[in-house]
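Note sheet for the following structure.
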Amino acid sequence: MAVLTYRDALNAALREEMQRDDNVFLMGEEVAEYDGAYKVSRGLLKEFGARRVVDTPIAELGFTGIGVGAAMVGLRPVIEMMTMNFALLAIDQIVNTAAKVRYMSGGQIGCPLVIRGPGGAALQLGAQHSQAFESWYANIPGLKVVMPATPADAKGLLKSAIRDDNPVIFIEGEMLYNQKGEVPDGEHLIPLGRADIKRPGNDVTIICHSKTVAPAMNAAKSLADEGVDAEVVDLRTIRPLDQDAILASVAKTHRVVVAEEGWGFAGVGAQVVDLIQREAFDDLDSPVIRVHQADVPMPYNKHLEKAAKADAAKIVAAVHQACYRG
Amino acid sequence: MGVTESPPRARRRGPDAPFADQYRAWLRGMILIRRFEEKAGEAYALGQVGGFCHLYIGQEAVAVGTLAAIRPDDYVVSAYREHGQALARGIASRAVMAELYGKATGCSHGKGGSMHLFDASLHFMGGHAIVGSQIPLGTGFAFAARYRGTDQVSLTYMGEAAANIGAFHESLNIAGLWKLPVVYVIENNGYGMGTAVKRAAAITELYQRAASYAMPGVEVDGQDVVAVKQATDDAVGRARRGEGPSLLEIRTFRYMGHSMSDAASGTYRSKEELESSRQRDPIVLLETRMRELGMLDDTGLGAIEADVAAEVADAVKFAEESPEPAPDQLWTDVYAPEAR
C-alpha cells in the first residue's frame, strides 16, 4: 500500500478513470493551466491535454449546465467546484436538470455526472466560504451524495462516482487535502452507499462523515482512556444512506451520537435520527445526541469560529450525555 | 452583424417540383401544430390535460422553419412552450398528445407532461420549465459534439424573456469563447408572460447582444417560414463548419395567452394589437405564396387540412384510450438501474 495525501488520492482516481474512459473529462475554474485551485488536478492537463481538462470562465451556472448537457448525451463529466459554496450558483442545473432529467424523460435520458469540490469550513474563511451543504443535495431524489474522509475512501469512492450512471455530488474538504493515509494499490473501488466502521466498539456509536470522522476518532481515543469503547461509523455516502450499517451498530451499542459539520436544523443527522427512532426504537438505551455547527453563519474570528464548529471535545461531551456520564 | 432581410422572392420563383414538396411539407407541419394545439386547448378546458399548458399557435413557422434546417443526429432543446418543436422534430402526434394526457404511451411516459416532452431517439432533449435552464444544456450538447469530433449541431430555443437571465450570458459567452456548434434561437413573441420586451430588456433588438459574444446576430421574420429556414441554414452551416455559434432572434407572435389560465388580450396587450399581429399569419403567408407560385389550390389545401384533422383526431383518441402509467412507475427512473 502506498501512502498518499487525500489530494493525491483524488488525483490518482481522476487520472485512472480518464485513462480508462475517453468520455471522462474534467471541467472547472483553474483546473488546467493553474493545475487546480487546490492542486487536485495537478499534472492532468499535461497528461490529457486541453480537450479533456477544461478551464472555464467564472460561470458556475454556465459550465455546470454544459456539463449536465454533455452528460445527457453520454459523456461523463467531472465538474470541479472551486468550493461547494460556489455550487449554489449552479443549483438550478443540479436540482432541476441533473437530478430530474431521467425521471422527467421517463427514463430515456440519464445524467452520469460528478460535481466535486471542497465543502464545509476551513480556517477563518468567513461566512460565505464555510458552509456544509450536503443536506441540501441529500434532500433531492435523483442525486447521490458522497463524502470521503480518508485518502483510501477518496480514491475508491471517486472512481465509483465517475462510473456511476447518476449525478453524484462528491464533497471533499480543504482541511482534508493534506491528510495522508494508506491507499490500496491497483484497482481500488468502493461501492457508493456503504458506510465504513472506522473503529469498532461496544458501548456507544458515533455516526459521522467527512470532516467529523477525524474528531470522532480522536474522541473515541480519549473515551477509551476513561473506559468507554466507542464505535465510529463513517457514513461515506449520505445518499443513498447505508441504513443497515447504522442499524447494526445501534443494535450493538444501544447509544448513539450523530456528528456532522453543518447546521443541525434539517441536517443529515436529523435524517439519521429519524431512521434510528423508527427502525431501532427498542434498541436504544438513551436518546440520540447530535453534534453539529452552532446555528449561526460562520464567524471570522478564530475563537468564535472554534466555538461554532463541531469538534472532538463536543463529541466526547455528547457521548457522556448519551451514556449518562459526567 | 446586421439585419438579414428575407431573400428576394424571385430566387424562389418557378415551378420547381422538389421545392413544392418542401413547401407542402412545411405547410402541413404548420397546420398540424395549429390544429394539434387547438385540440390541446380543448382537452385542457375539458380537464383532460392538467398542470400548465402553453400553446404555440401563431409561432408555427419558427419551429417548422428551424427544424427543417437540421439533421436527425443534431440536438434540439427547448423551454416549456415546446409542443410545436416536438411535433416538427417528428415526435408522433399520438405520443405528444398522450403525454399531455399524462398517459403511459406519452413521449415521456406520462412523467413529464406538457412542459417536459422528450424523445431521446430523435435527440429531442426536452422541454425545460425553468426559464433559461435549457440554454446551458444546449451549449453542453454542442460541447459534447465538439468533444467527440462529430459535426453535430445543437439547436437551442428560448423565449425572448430568457435572454435576460444569467444562464443566457454565461452560455453565450462560453459558446463564443470556445466556438461551439450551437445555434441559439430566441423566439421573440413580444411578451414574457405579461411583460413586454421593452419593459424587460435594456435593448429591444436582442440579436444585437450577439456582439458581446463574438457571434453573428440575425433578426428574422418569424412569420415567414422560408426566411426562418434560410436564416437557420446559414447559422447551422456555420456551426457545422466549425465556425462557431450564432444567435437568431426570430420575431413572432403568440395568439393565445401565456398559458391556458390567461386571456389572449385585455390585460397587457390590446385586442387591436392581437388582431393586427394575426394579419401576418405564418400559415396564410405560406399558403398565399404557394398559391401564387401555382403550388397549391383549394383542393390541395383541403386535402392537407383533412389529413391533419384525421391525424389530430387519431392522436386524441389514442391519448384517451391509452393506459395510465402503472402505479409502480412512481418509483422507477429516479436512479439508473443498478449495473449487474
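The values are calculated or read from the model by the stated rules, or taken from the named source; none is laboratory data. Only a predicted model underlies this, so the values are computations on that prediction, with no experimental measurement involved. Every residue, glycine among them, receives a Cβ derived from its backbone with ideal geometry; neighbour counts consider all protein chains shown.
General observations
So that you can scan it fast, the table gives a plain yes or no per residue for (1) surrounded by fewer than 20 Cβ atoms within 10 Å (Cβ to Cβ); (2) under 30 Å from B:Leu46 (Cα atoms):
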position: B:Asn189; (1), (2): no, yes
position: B:Ala196; (1), (2): yes, no
position: B:Ala201; (1), (2): yes, no
position: B:Gly222; (1), (2): no, no
position: B:Val236; (1), (2): no, no
position: B:Glu249; (1), (2): no, no
position: B:Ala263; (1), (2): yes, yes
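- For B:Gln329, the conditions (1) away from chain A (no Cβ under 14 Å); (2) of a type in the set (S, T, N, Q); (3) in contact (Cβ under 8 Å) with a residue 24 or more places away in the chain all hold with the exception of (1).
- Just one residue in the set A:Ala266, A:Ala270, A:Ala259 is part of a strand (DSSP E or B) and among the aliphatic types (A, V, I, L, M); that residue is A:Ala259.
- Output for region A:41-53, where each listed residue is more than 9 Å from chain B (Cβ to nearest Cβ) and not hydrophobic (A, V, I, L, M, F, W, C): A:Ser41, A:Arg42, A:Gly43, A:Lys46, A:Glu47, A:Gly49
Yes or no, residue by residue, for (1) within 15 Å of the chain's Cα centre (by Cα); (2) among the charged types (D, E, K, R); (3) not in a loop (DSSP other than H, G, I, E, B):
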site: B:Ser114; (1), (2), (3): yes, no, no
site: B:Leu137; (1), (2), (3): no, no, yes
site: B:Phe141; (1), (2), (3): no, no, yes
site: B:Gln152; (1), (2), (3): no, no, no
site: B:Thr156; (1), (2), (3): yes, no, yes
site: B:Ala163; (1), (2), (3): no, no, yes
site: B:His169; (1), (2), (3): no, no, yes
site: B:Leu172; (1), (2), (3): no, no, yes
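- Hey, A:Glu226 of a type in the set (Asp, Glu) and within 28 Å of A:Leu189 (Cβ to Cβ) or not: no
- Of all the listed residues (B:Ile186, B:Ile203), the sole one being touching a helix residue (DSSP H, G or I) at 6+ places or on another chain (Cβ under 9 Å), assigned to a strand (DSSP E or B) and away from chain A (no Cβ under 14 Å) is B:Ile186.
- Search result, residues across region B:56-76 that are in a loop (DSSP other than H, G, I, E, B), more than 19 Å from B:Arg146 (Cα to Cα) and out of contact with any Phe, Trp or Tyr (no Cβ under 8 Å at 6 or more places or on another chain): B:Tyr56, B:Ala69
- Residues that are surrounded by 24 or more Cβ atoms within 10 Å (Cβ to Cβ) and over 10 Å from the mean Cα position of the chain (by Cα) within region A:122-142 comprise A:Ser130, A:Tyr137, listed in sequence order.
- Filter result for A:Gly119 (at the interface with chain B (Cβ under 8 Å from one of its Cβ atoms) and either touching a strand residue (DSSP E or B) at 6+ places or on another chain (Cβ under 7 Å) or crowded, with 24+ Cβ neighbours inside 10 Å (or both)): no
- Here A:Ser249 passes the criteria (1) more than 11 Å from A:Thr205 (Cβ to Cβ); (2) hydroxyl-bearing (Ser, Thr, Tyr); (3) modelled with pLDDT of 95 or more except the one numbered (1).
- For region B:285-338, a tally of residues being among the aromatic types (Phe, Trp, Tyr) and farther than 27 Å from B:Glu37 by Cβ returns 2.
- Filter pass, A:Thr56 being at the interface with chain B (Cβ under 9 Å from one of its Cβ atoms), touching a Phe, Trp or Tyr at 6+ places or on another chain (Cβ under 7 Å) and surrounded by 16 or more Cβ atoms within 10 Å (Cβ to Cβ): yes
- Among residues of region B:79-99, those that are of a type in the set (Lys, Arg), in a helix (DSSP H, G or I) and either out of contact with any helix residue (DSSP H, G or I) (no Cβ under 7 Å at 6 or more places or on another chain) or under 18 Å from B:Ala61 (Cβ atoms) (or both), counted: 1
- The residues in region B:314-326 that are assigned to a helix (DSSP H, G or I) and exposed (fewer than 13 other Cβ atoms within 10 Å of the Cβ) can be counted, and the count is 2.
- Scanning region B:145-171 for residues that are surrounded by fewer than 24 Cβ atoms within 10 Å (Cβ to Cβ), among the small types (Gly, Ala, Ser) and closer than 23 Å to A:Leu26 by Cβ yields a count of 1.
- Residues within region B:127-164 that are touching an Asp or Glu at 6+ places or on another chain (Cβ under 8 Å) and within 7 Å of another protein chain (Cβ to nearest Cβ), tallied: 3
- Of the residues making up region A:283-312, just one is touching a residue at least 40 places away in the same chain (Cβ under 8 Å), part of a helix (DSSP H, G or I) and of a type in the set (A, V, I, L, M, F, W, C), namely A:Ala312.
- Residues within region B:53-90 that are within 14 Å of chain A (Cβ to nearest Cβ), more than 12 Å from the chain's Cα centre (by Cα) and either at pLDDT below 95 or crowded, with 24+ Cβ neighbours inside 10 Å (or both), tallied: 2
Residue-by-condition table, conditions (1) without any contact (Cβ under 8 Å) to a residue 24 or more places away in the chain; (2) assigned by TED's automatic domain parsing to the domain that holds A:Pro118; (3) of a type in the set (A, V, I, L, M, F, W, C):
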site: A:Met217; (1), (2), (3): yes, no, yes
site: A:Lys221; (1), (2), (3): yes, no, no
site: A:Asp234; (1), (2), (3): no, no, no
site: A:Pro240; (1), (2), (3): no, no, no
site: A:Ile246; (1), (2), (3): no, no, yes
site: A:Gly267; (1), (2), (3): no, no, no
site: A:Leu275; (1), (2), (3): no, no, yes
site: A:Phe281; (1), (2), (3): yes, no, yes
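- Tally of residues being within 19 Å of A:Arg236 (Cβ to Cβ) and hydroxyl-bearing (Ser, Thr, Tyr) across region A:94-150: 3
- Counting only residues that are touching a residue at least 40 places away in the same chain (Cβ under 8 Å) and either surrounded by 20 or more Cβ atoms within 10 Å (Cβ to Cβ) or aliphatic (A, V, I, L, M) (or both), region A:14-29 holds 8 of them.
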